Amino acid sequence: MQHTTRQAALNMIQTAPVFTLATVDADGYPTMVALSPLPVRRSLETLYFYTSRQTSTTQNIQNWRQASLFYYQLSDYASIMLRGTLTLVGNNVFDQDWRAELTEFQQRLNYKDPVILRFQTSSIKIRQMMTIDHLELVDHPTNDHLT
């Protein structure tokens with residue numbers, strides 16, 4: 001991935017208000033949900049999300065950690081897809097209380113049993129100006145199924 005494309009991908013990741021997150025349920029079906037990433041520590045390699053322990057997303061990653069993120073930017077018809085793994089992380093992943101990192105919308109959700117999910121990118125596919133570029137960040141095993 002060229003430097004300019006890499007920078008465009010990072011810019012999309014850092015400014016995307018909402019990603020579509022796809023996970024796989026226990027029956028093997030894809031499940032999608034719209035999630036807003038935490039506004040801090042967004043990078044090509046890692047994004048964090050706030051959700052409830054009771055959501056299907058959190059339940060799905062107990063069996064299968066592979067996930068995909070997708071964002072579509074209507075203003076210029078650009079899109080980015082990230083493939084990687086999704087895991088629950090503890091409160092100690094942030095230097096300060098993670099609740100202070102929530103957006104106003106995330107604060108209003110006020111989950112009773114909140115969790116932070118960490119998405120770690122293994123590959124990125126970006127489409128901009130009718131061109132497609134692809135970057136492999138990390139060589140993950142193809143079958144990361146938890147048993």
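Data table
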item	result
Residues Met81, Met129 arranged by fewest to most Cβ contacts within 10 Å	Met129, Met81
Gain upon complete extension [Tyr29, Asn110; 0.36 nm per residue less C-alpha separation]	26.3 nm
Compactness index (Cα Rg / 2.2 N^0.38 Å), segment 5-50	1.32
Alpha-carbon spread of segment 40-90, three principal axes, descending order, Å	36, 21, 18
Residue-span extension gain [Val93 to Phe70] - 0.36 nm each, minus C-alpha spacing	5.9 nm
Rg followed by Dmax, in Å, when segment 54-127 is reduced to its Cα trace	14.6, 38
Segment 3-136 - Debye-derived log10 I(q)/I(0), Cα point model, q = 0.17 Å⁻¹	-0.91
14 Å beta-carbon shell around Pro39, net charge (K/R +1, D/E -1)	+1
Dipole of segment 58-106, positive end: most advanced residue of Tyr71, Thr103, Gln59 [Cβ charges, Cα centre]	Gln59
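Where a number appears in this text, it was derived from the coordinates with a stated rule and is not lab data. Predicted, not measured: the structure shown is a model, and the values here were computed from it. Note that each Cβ is placed from the backbone with ideal geometry, even for glycine, and that neighbours are counted across all protein chains shown.
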